[in-house]
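Just so it is clear, none of the values below were taken in a lab; they were calculated from the coordinates. A quick note: this is a predicted structure, and the numbers were derived from the prediction, not measured. In this analysis, Cβ positions are derived from the backbone assuming ideal geometry, glycine residues included, and neighbour counts consider all displayed protein chains.
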């Protein structure tokens, strides 16, 4: 009985250390960007600062990147980390740019209990900038998820031909 317990303990320890290594390896791929609040205020527009650093929200609109469907990549407006490929963008009619998937490892998920709601906030894995929220009402043909992203939190980089 004691041998079985030791074997189980050893197996669990190996599995846990493998998961820790995988997480550490994944985290090392994304370089963390840190700036003072004054540096962020200098780099960002007032609206970008409001959204990315103060967790604000753009007003819903059909402008900005909401109805933008060129081929390319959407990057974080704060640190230029590539976040979303244009082929994951879809028309959701919600007033904000919507994607059904993010580039792996570039977006982190944070429980958000603000404003009397329980939601999942999405933040940039590099600079911790607020991007928006994720919901489970996206296209069922793909991921079923909708990354609802503030236009002010992203920039578009067109694919070079």
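Table for the structure above
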{"item": "The range 136-161 and the range 49-80: distance between their alpha carbon centers, rounded to Å", "result": "10"}
{"item": "Simple spin-label estimate for residue 45 and residue 93 in nanometres, 7 Å along Cα-Cβ", "result": "2.8"}
{"item": "Mean separation of Cα contacts under 8 Å (6+ apart) over length of the range 45-161, as relative contact order %", "result": "30"}
{"item": "Extension gain, residue 34 back to residue 85 (0.36 nm per residue minus Cα-Cα distance, nm)", "result": "15.9 nm"}
{"item": "Exposure proxy order (Cβ contacts within 10 Å, fewest to most) of 30, 118", "result": "118, 30"}
{"item": "Sorted peptide list for 110-116, 77-83, 36-42, criterion being average Cβ within 10 angstrom, highest first", "result": "77-83, 36-42, 110-116"}
